[in-house]
Amino acid sequence: MPEQMTIWTFDWVPKGPRGFVRDLRLRWALEEAGLPYSVATVPFEDRGPDHIARQPFGQVPFLEDGEVRVFESGACLLHIAERSEALMPRDPKGRAETQQWLVAALNSVEMVTVPWWFINLSDPPENPLAGWMAQRFDRLEAVLKEREWLAASRFTVADLMMADALRVPKKLGRLDPYEALGAYVSRACSRPAFRKAYRDQLAHFKAADAARGLTDA
Ligand SMILES: N[C@@H](CCC(=O)N[C@@H](CS)C(=O)NCC(=O)O)C(=O)O
């Protein structure tokens, strides 16, 4: 029986990023896979050498699976998917398609959406990345008009990553012109595994508020 995996995240974060901290991707994957896991924390405010040794950029998440330690949410998802056919088809074609779309989510979509979002935080009159991001969404819309999921004709870890990468633009209304894309993200996020992962992350940070004596007032 393989050991239970541990997801590492921050002990606390401010309210803004809650529900979007990337440990959610790992929680979601492990819920989809039906694998037990625990959650451990590193301090948000004081990122010491132990944290840096596990995640050289001082970020979260990272994953521990016995002797194996992995950082980068994409690498963590691929590691988890090795354990579950629910996330990653076993046949070479389905596997290649899934890996390709997972990397596309990170390297062709999130690499535009995150800088777009950072610029957007300062509320510029025009976001110079808006056109580039729209090109990506146009192409994804064309793909998702034709199919329910990205790879292997079924939900895979690639959809988990793509849908999560699109949640911020969706929340900010940027998917409103894209019917198929918006419906795709809603479809992925209505899965029980996503809902549980999301609830659990919010509960984790709420408990951290309580432990610090912080209230909603
Ligand atoms: N490429 C990394 C990005 C990780 C990332 O941005 N983590 C955020 C939380 S979602 C973080 O740790 N932010 C704090 C910081 O960057 O200092 C991954 O996918 O794991």
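Considering only trypsin sites (Lys or Arg not before Pro) in DSSP loops that have at most 14 other Cβ atoms within 10 Å, the longest stretch of the chain without any of them is 16-89. Here region 64-82 is scanned for amide nitrogen atoms under 15 Å from the site 7 Å beyond the Cα of residue 47 along Cα-to-Cβ, giving 71-73. Per the Kirkwood formula applied to alpha carbons, region 92-191 shows a radius of gyration over Rh ratio, Rg over Rh, of 0.98. Note on the chain: Cα-only Rg and Dmax are 17.5, 56 Å.
Considering only beta bridges that DSSP places wholly inside the chain, some 55 percent are antiparallel. Placing unit charges on the Cβ atoms of the charged side chains and taking the dipole of region 137-179 about its Cα centre, the candidate lying farthest along the positive direction among 151, 140, 172 is 172. Scaled to the globular estimate 2.2 N^0.38 Å, the Cα spread of region 1-83, given as radius of gyration, is 1.04. A simple charge model with +1 on the Cβ of Lys and Arg, -1 on the Cβ of Asp and Glu and nothing else charged puts the dipole of the chain at about 420 debye relative to its Cα centre. If you look for lysine pairs in the chain that are eight or more places apart or on different chains, how many of them have Cα atoms under 25 Å apart? For the chain, the number of qualifying lysine pairs is 12. Each of 5, 111 has its accessible area taken with a 1.4 Å probe; listed largest first, they run 111, 5. Extension gain, residue 4 to residue 138, is 44.2 nm, computed as 0.36 nm per intervening residue step minus the present C-alpha separation.
A DSSP coil position with no more than 10 other Cβ atoms inside 10 Å describes the following GluC sites (Glu not before Pro) in region 106-183: 126. Three semi-axes describe the equivalent ellipsoid of region 34-118; taken as square roots of 5 times the Cα gyration tensor eigenvalues and ordered largest first, they are 26, 20, 10 Å. For the chain, adding -39500 (n - 2.57) for each run of n ≥ 4 DSSP H residues and dividing by the number of residues yields -15500 deg cm²/dmol at 222 nm.
The values are calculated or read from the model by the stated rules, or taken from the named source; none is laboratory data. The structure displayed is predicted, hence computed values, not measured ones. Glycine also receives a Cβ, built like all others from the backbone with ideal geometry; neighbour counts cover every protein chain displayed. Ligands, DNA and RNA are excluded from the accessible area calculation, which covers all protein heavy atoms including side chains. Shrake-Rupley method; radii C 1.70, N 1.55, O 1.52, S 1.80 Å.
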